[in-house]
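The values are calculated or read from the model by the stated rules, or taken from the named source; none is laboratory data. Just so it is clear, the structure is predicted and the values come from calculations on it, not from any experiment. In this analysis, Cβ positions are derived from the backbone assuming ideal geometry, glycine residues included, and neighbour counts consider all displayed protein chains.
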Amino acid sequence: MQKHIDSAEGDINLGDRRQAWQSENIGPASRRLLDEDARWFLHQSMSTPCLNGLAGAGGSWLTDVEGRRILDFHGNSLHQIGHGHPRVVAAIKQTLDTLPFSPRRYTNQPAVDLARRLCTAAPGGDNKLLLAPGGTAAIGMALKLARLVTGRFKTLSMWDSFHGASLDAISIGGEAVFRRGIGPLLPGSEHVPPCDPGRCIFGCGGQCALRCVDYIDYCLEKEGDVAAVIVETIRCTDVQIPPPEYYQRLRAACDRHGALLILDEIPIALGRTGHLFAIERYGIVPDMLVIGKGLGGGVFPLAALIARAEFDVGQHISLGHYTHEKNPVACAAALATLDVLAEENLIERSRRLGTESLSHLQTIAAGCGAVAEVRGAGLLLAVELRDHAGRRAGDLAEAVLYRCLSAGLSFKVGQGNVLVLAPPLNIDEADLEQAFAILESALQVECGA
């Protein structure tokens, strides 16, 4: 009997299908590594016990302990320029030889150069930033700065959202797998329904009529003292893409009620959606923008809180004060990443390949009655499955995932029934075609296409 599968995640480590996959695909060497891992790491959902063991990663590919190659369309959303890009590796090695660490009371050239480039590239242009060793920490700094700037502490964020795993981040986050059973969370953390036409509770009928943003406006008016609205520009877990008017109306509502607009682009900035920052497609300027994941070149943990320069009002407190705040090696990796994105024209490539991939997936979907919808923004793609022939959509998604893993393709399952495909932006087009062939074959077998 299938064990509990959280509705928000199809790839957790409790299911019978995972155990069945491991019994067929894990050899003795991998089993020894997995057992040792399970012995020493605290167990948690979606992590330990692990699925498999890796021996290598390069470009678009992972190599497991048994020597099998796997196309990585998951990558924990940090492999915009692939794994181990030579420019990033070279920058890291060079900086390690000269400045491996910078204590907090000192600055360094890589950190200053990175700050300048990000602040001038971000919407609005007149920005300042803080660096942090991860996206969760950057979200925490954003919450503190919002309180400082507004004198308020309440927030509005979305159900089903993800902003990190720390206590403050899960307070504003909306996924049950992170919040369940934890106890009292951050006071003033209010939640509203996200822009999700497929599951809209406002009766929009599958096409967003902006009633969700009208409800945010209503809540801001009734509360009267909300510090910030925090939202994922495009929700990465199942690729929900609000219409252009959504952010225009949301920006106006925040301005009207004195709330800041904080956008979380930790997994999707840096070209993933076909723009350096996803909010560029909407033509508005947020008050704060949080990025991370791929900022460290897929090697170093690094994130940034980018805020309006006028919000530089925290000289009397420590908003972050992290040991690796201005890590010169991580900053050198980030600068190399920005160079690669520009010099290899990867943002335009993300738009082009994204358009072609979306068309390809729509063709695949036309031959599979179990596909409810295909969505995409750049090379952030989603195939949403529906209940079919008496099987739950989540069960179908899991079956497709493990069949694809056996054939050499790894991706994320979000919201229980959405196949999320996020290849590196510099993936070889032949590898992209191979991935779609694997997916199409799995859908045909598991969904009865």
Given the residues Leu210, Leu220, which is the only one that is in contact with a helix residue (DSSP H, G or I) (Cβ under 9 Å, 6 or more places away or on another chain), on the phi > 0 side of the Ramachandran plot and among the hydrophobic types (A, V, I, L, M, F, W, C)? Leu210
If you scan segment 293-322, which residues turn out to be part of a loop (DSSP other than H, G, I, E, B), touching a residue at least 24 places away in the same chain (Cβ under 8 Å) and farther than 16 Å from Val88 by Cα? Asp312, Val313, Gly314, Ile317, Leu319, Gly320, His321, Tyr322
Qualifying position, being farther than 26 Å from Arg386 by Cα and modelled with pLDDT under 95, among Pro244, Pro193: Pro244
Need the failing condition index for Asp339 against (1) under 30 Å from Lys222 (Cβ atoms); (2) surrounded by fewer than 22 Cβ atoms within 10 Å (Cβ to Cβ); (3) modelled with pLDDT of 95 or more, just the number. (1)
Looking at (1) surrounded by fewer than 18 Cβ atoms within 10 Å (Cβ to Cβ); (2) touching a strand residue (DSSP E or B) at 6+ places or on another chain (Cβ under 9 Å); (3) touching a residue at least 40 places away in the same chain (Cβ under 8 Å), which is the only condition Glu344 fails? (2)
When residues of segment 99-121 are limited to those that are in contact with a Lys or Arg (Cβ under 7 Å, 6 or more places away or on another chain) and assigned to a helix (DSSP H, G or I), the one farthest from Leu270 (Cα to Cα): Ala111
Residues within segment 332-368 that are of a type in the set (Lys, Arg) and over 30 Å from Thr95 (Cβ atoms), tallied: 2
Of (1) surrounded by fewer than 20 Cβ atoms within 10 Å (Cβ to Cβ); (2) out of contact with any helix residue (DSSP H, G or I) (no Cβ under 9 Å at 6 or more places or on another chain), Gly174 satisfies every one except (1)
Among Arg403, Arg386, which is crowded, with 18+ Cβ neighbours inside 10 Å, without any contact (Cβ under 8 Å) to a residue 60 or more places away in the chain, charged (D, E, K, R) and in the same structural domain as Ile70 (by TED's automatic domain parsing)? Arg403
Which residue is surrounded by the most Cβ atoms within 10 Å (Cβ to Cβ), if the candidates are limited to segment 68-110 and must be of a type in the set (Ser, Thr, Tyr) and assigned by TED's automatic domain parsing to the domain that holds His321? Thr95
If we keep only residues of segment 11-67 that are part of a helix (DSSP H, G or I) and among the aromatic types (Phe, Trp, Tyr), then the residue surrounded by the most Cβ atoms within 10 Å (Cβ to Cβ) is Trp21
Identify all residues within segment 160-181 that are outside any helix (DSSP H, G or I) and either touching a Ser or Thr at 6+ places or on another chain (Cβ under 9 Å) or modelled with pLDDT of 95 or more (or both); write none if there are none. Asp160, Ser161, Phe162, His163, Gly164, Ala165, Ser166, Gly173, Gly174, Glu175
Among Cys331, Cys236, which is the only one that is surrounded by 18 or more Cβ atoms within 10 Å (Cβ to Cβ), at pLDDT below 95 and out of contact with any Phe, Trp or Tyr (no Cβ under 6 Å at 6 or more places or on another chain)? Cys236
Looking only at segment 251-284, filter to residues that are over 26 Å from Pro133 (Cβ atoms) and touching a Ser or Thr at 6+ places or on another chain (Cβ under 8 Å); which one of those is surrounded by the most Cβ atoms within 10 Å (Cβ to Cβ)? Ala259
I need the full set of residues from segment 337-358 which are under 15 Å from Leu270 (Cα atoms), within 21 Å of the chain's Cα centre (by Cα) and among the aliphatic types (A, V, I, L, M), in order please. Leu338, Val340, Leu341, Leu346, Ile347
For segment 415-431, pairs from a residue that is touching a residue at least 40 places away in the same chain (Cβ under 8 Å) to a residue that is among the acidic types (Asp, Glu) and crowded, with 22+ Cβ neighbours inside 10 Å, with Cβ under 6 Å and 6 or more apart or across chains, are Gln415/Asp238; Val418/Asp238; Val418/Glu384
